[in-house]
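See structure below.
Each value in this text was obtained by applying a stated rule to the coordinates, not by laboratory testing. Only a predicted model underlies this, so the values are computations on that prediction, with no experimental measurement involved. Cβ sites come from the backbone with ideal geometry, for glycine too, and all protein chains shown count toward neighbours.
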Amino acid sequence: MVERRLKWLAWIVVAWGASIFLKLVSLQVIHHREYVNLARARQELVVEISGPRGTLFDRNGQVLAMSAPTESVYINPLKVPDLGLAAQILSAELQLDRAELFATMQAAKDNHRGFLWIKHRISYDESQHLKSLNLDWISLQHESQRHYPNGTLAAHLLGGVDFEEKGNGGIERALEADLKGVPGKMRLLTDVKRRGIDSRLASEPRAGQPVTLTIDAHLQFVAERELAAAVESHNAVSGSLVVMNPNTGDILALASYPTYDPNRPPQSSDIKNRENHAVSVPFEPGSVFKVITLSAGLETTKLRPDSPIDCHGGVLKLPGRVIHDSHGGTGVVPMETAFAKSSNIGAIMVGMRVGQENMYDYMRRFGFGRKTGITLPGESAGRVRKLSIWGTTSLASVSMGQEVSVTTVQLAQAGSVVANGGLLVRPRIVLKKGSQVQQPSAPVRVIKADTAITMRQMMEGVVLHGTGTGARLAGYTVGGKTGSAQIYDYAAHHYTHSYNGSFLGFAPITNPAIVVVVTINGTHGTAGFGGAVAAPVFKVVAGEALRVLDVPKDLPDDGLQVASVVPDVSDLADADLTAQGNILVDGDEEAPQAANASATQPVGPVAPAVPAPPDTRPRVPNFSGMTMRAVLAEAAAKGIAVVPAGSGIARMQSPPAGAVLHEGERIRVQFSR
Amino acid sequence: MATLARVFHKHEAAGPGGIPARQAGAPLDACALRALPQEDVFFYCKKIDNSRLVREPDPKAGGTCWSVIGAACLAALLLTAVGTVKVSTTMSGYKLEDLRAEERRLQDEQRALDLQEAELLSPERLEKLAKEQNLVTPSAGKVFRLDNNRPDGTVAMVK
């Protein structure tokens, strides 16, 4: 009996021990993972570590765009003790409408919603005030917000971001992959009071790469200011401006007007303001394009700056149309004079000597008809019609900058070819990604170096005594070309009296440091021509750029000669306003039939040049081999202004010996031993 | 005092059905106790006189005591040391996490300050301030820098 009882007792004890053991196995082996997760959920907090978006800098390290941490407020309406009081507190702290907020909170509570956003991206002060209230039903979520501290500065270049901080324009969109940051996660082990004891990185955060742009913030500001003033003062529609380093392709400023504030989300009312006119909106360049025509002429024909060009007294009849020179016209003049005065007929004569194939070839060589590859979305390639669909008078049109559409940045690229000695350099916006410097693209030879030098001299003539006198700078030699292209109305099929006034220029002539292109779209009257509206903008912007870049002067400050008469800035491309359908639109090869049978014939070779009358204009003397004393003495005797450089014997001079010496023109003489 | 002996003695006096359990004439065993009813278990008590028993002094007992005490103290010290390390680790963990949170807060504050600095240095604001102070932009070639090695271009003189 005793033994039985003892046995029962023993079995009870064994059973008890076994049940304890089984429970332990159940807890620590079978349901181990479940309880570990439960414990972790209670003990661990998942903390997000921000991966901020990359900052955008200008070339001098000034911040153009950066992301800063911010917080958003949310509540659980079901846990708020008093909705009315909560609405009062939150509306006072966050500047919200109390009644509207209360209604929203009440509706959320009635719908049993446990989560309600109150306000996104509050300010630092608002965040601190809310935290100081110590109310457990107010929760804050960390977020990031993109800021553009300079307001509208470089808005079209920078672009903007959407509510998820994803680029939706400009560099922000073009370099989204580099700029985008990836947030990380950290598991924080906490005690009962939710204080952190230990932490473990669950996923590594990745900050976006900082990007340095080529632009100079101060230059950009000056460019935007002057462009806005010019567009508004001339009641124009829009404008664009590009400042470029012709040797490296660095864009120092790129302005477009109208502009917008990237700090504000896009509105339907400012869609047009967000168009980047410098890159995305092509236009007919007009007389500015004569730079390409004459460059092609120098390269492919025997034309020289002093070659006589018959401007037909300012009127030229072509099949189906009549071309006029806007300033009354001239007879036979040297090519450089026709260029300086922006004679349309002179340009057409040169273009005809060049020929269609060569003209098309050089247009493409200068980069027209294809994108420059600048790191901005929405770039337009402009339009260069295929040679096979050129019409009877297309060569004439193209020679004076019509029947072709270009962008401002393409004009800057083309101007750089002349400025840097004949090389096509791609414009670029990005200087560095992180610490890695982006190498400029390899330049491509477009024209010969001496062609470029000759073009520079002719373009200096435009500024000295042509249509571009408004672009003269004190202390610097300047070369440029004005353009005043009539805007074509595609609906009415004729040109209007609105113009695109442009100026393409560079300085200094001896070693151009900058190329500046200014275009004002939708100007009116003679005051809207390029020389009147764009050249003054060039003067201010180029002057500031040369000062900022510390470019040494190549003229004394008092070398700026003010023209004694009102300069003739008229360089209108095609004054044929009365003819109908005289411009061939894309694909439309219809040409109005002229009464004269000969007008239906394709334009043939140019008639032999009319013998020029005896030229009695002063010529540049030959200083080669002379000492500086002898050069200065001869120049003083003849009343010629000389700019000597170096010492020793005269080796080179510009303009060359025998060239026509224009009034006020200085001769640069290089001396060496 | 109610003891088993007394209880058994009473029962013995009474016997089953009042019949005394012990028959007259049976020898009296001083140590034998009354048997339990219907049981064959007999209890005996024995008086043991241990007054002459003297505990011999154990020379090792003291040492053992001290050893036990020492071991206990050592164990306590070890536990304290382990506990202290753990507590110290936990306290350091608190400090470390506080420092990390402070670092994150300072980094966020630095970004906010960088942003504020950028806003203060915006060209538009500087232009406005310059106009208010009647300052003009120097023309080219009129600015002389004393120390060209400094990247910020210290300006000493405007001619």
(request) Using only atoms on other chains, find how many Cβ atoms lie within 10 Å of each Cβ of peptide B:105-118 and report the average. (result) 5
(request) Work out the FRET efficiency for A:Arg264 and A:Arg617 from their Cβ-Cβ distance, taking R0 = 60 Å, and round it to the nearest 0.05. (result) 0.50
(request) Quick one: angle between helix A:217-233 and the longest Cα principal axis of chain A, in degrees between 0 and 90, rounded to 10, please. (result) 60
(request) Based on the mean of other Cβ atoms within 10 Å per residue, sort peptides A:502-513, A:524-535, A:75-86 so the most packed one is first. (result) A:502-513, A:524-535, A:75-86
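List the trypsin sites (Lys or Arg not before Pro) within the stretch A:159-248 that fall in a DSSP loop (any state other than H, G, I, E or B) and whose Cβ has at most 10 other Cβ atoms within 10 Å.
Details: sites: A:Lys166, A:Arg173, A:Lys180, A:Lys185, A:Arg187, A:Lys193, A:Arg194, A:Arg195, A:Arg200, A:Arg206, A:Arg225; in loops: A:Lys166, A:Lys180, A:Lys193, A:Arg194, A:Arg195.
Sparse-neighbourhood loop trypsin sites (Lys or Arg not before Pro): A:Lys193, A:Arg194.
Going by the alpha-carbon gyration tensor, a ≥ b ≥ c the square roots of its eigenvalues, is chain A rounded (a/c under 1.5) or, if a/c is not under 1.5, prolate (a/b greater than b/c) versus oblate?
The shape class here is prolate.
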(request) Calculate one ³J(HN,Hα) per residue across the stretch B:103-111 by plugging θ = phi - 60° into the Karplus curve 6.51 cos²θ - 1.76 cosθ + 1.60, and present them in order as whole Hz with x for glycine and proline. (result) 4, 5, 5, 5, 5, 5, 5, 5, 5
(message) What FRET efficiency comes out for B:Cys73 versus A:Arg4 if R0 is 35 angstrom and r is the Cβ-Cβ distance? Round to the nearest 0.05.
(response) 0.15
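Count neighbours as other Cβ atoms within 10 Å of each site's Cβ, and list the GluC sites (Glu not before Pro) in the stretch A:123-222 that are DSSP loop with at most 12 such neighbours.
Details: sites: A:Glu126, A:Glu143, A:Glu164, A:Glu165, A:Glu172, A:Glu176; in loops: A:Glu164, A:Glu165.
Here the GluC sites (Glu not before Pro) that fit, given the DSSP loop and packing criteria, are A:Glu164.
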(request) Could you pull out every residue, at least 5 positions away or on a different chain, whose amide H is within less than 5 Å of the one on A:Asp198? Hs are placed 1.01 Å off N in the peptide plane, and Pro or chain starts have none. (result) A:Leu189
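Can you list the trypsin sites (Lys or Arg not before Pro) in the stretch A:256-362 that are in a DSSP coil and have 12 or fewer other beta carbons within 10 angstrom? Display every interim value, and only then the final one.
Values: sites: A:Lys272, A:Arg274, A:Lys290, A:Lys302, A:Lys317, A:Arg321, A:Lys341, A:Arg353; in loops: A:Lys302, A:Lys341.
For trypsin sites (Lys or Arg not before Pro) across the stretch A:256-362 that sit outside H, G, I, E and B with at most 12 neighbouring Cβ atoms in 10 Å, the list reads A:Lys302.
Within 10 Å, Cβ to Cβ, of A:Arg187, how many net charges do the neighbouring residues add up to if Lys/Arg are +1 and Asp/Glu are -1?
Working: positive: A:Arg40, A:Lys185, A:Arg200; negative: A:Glu44, A:Asp198.
Net local charge, A:Arg187 excluded: +1.
In what sequence do A:Leu96, A:Leu241, A:Leu316 fall when counting other Cβ within 10 Å, fewest first? Please report the intermediate quantities before stating the final value.
On the way: A:Leu96 17, A:Leu241 30, A:Leu316 21.
By the 10 Å Cβ count, ascending, the order reads A:Leu96, A:Leu316, A:Leu241.
Across the residues of A:545-551, average count of Cβ atoms on other protein chains within 10 Å? Intermediate values should be presented prior to the final figure.
Numbers: counts 1, 3, 7, 2, 1, 5, 2.
Per residue, the number of nearby Cβ atoms from other chains is 3 on average.
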(message) Residue by residue through the stretch A:391-400, what is 3J(HN,Hα) from phi via Karplus (6.51 cos²θ - 1.76 cosθ + 1.60, θ = phi - 60°)? Round to whole Hz and write x for glycine and proline.
(response) x, 5, 10, 5, 4, 5, 5, 5, 4, 10
(request) Sort A:Met455, A:Met66 so the one with the fewest other Cβ atoms within 10 Å of its own Cβ comes first. (result) A:Met66, A:Met455
(request) Mind listing the long-range amide H neighbours of A:Val642? Cut-off is under 5 Å, sequence gap 5 or more, other chains count too, H placed in the peptide plane at 1.01 Å from N. (result) A:Ile667
(message) Just to confirm the number: angle between the C-alpha axis of helix A:83-94 and the first principal axis of chain A, 0 to 90 degrees, nearest 10?
(response) 30
(request) Provide the packing ranking of A:647-657, A:460-470, A:51-61, i.e. peptides ordered by the mean count of other C-beta atoms within 10 Å per residue, highest first. (result) A:460-470, A:51-61, A:647-657
(message) What distance in nm separates the two pseudo spin-label positions at A:His497 and B:Thr84, each 7 Å out from Cα along the beta-carbon direction?
(response) 10.0
(message) 7 Å from Cα along Cα→Cβ at both A:Val14 and A:Trp117: what's the point-to-point distance in nm?
(response) 6.7
(request) Compute the FRET efficiency between A:Arg304 and A:Ser672 as 1/(1 + (r/R0)^6), taking r as their Cβ-Cβ distance and R0 = 22 Å, and round to the nearest 0.05. (result) 0.25
(message) Quick check: pseudo-label points 7 Å beyond the Cα along Cα→Cβ at A:Leu78 and A:Asp178, how many nm apart are they?
(response) 4.9
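Between A:Lys317 and A:Asp162, 0.36 nm times their residue separation minus their Cα-Cα distance comes to what?
Values: separation 155, 0.36 × 155 = 55.80 nm, distance 5.58 nm.
Working it through step by step, the gained length comes to 50.2 nm.
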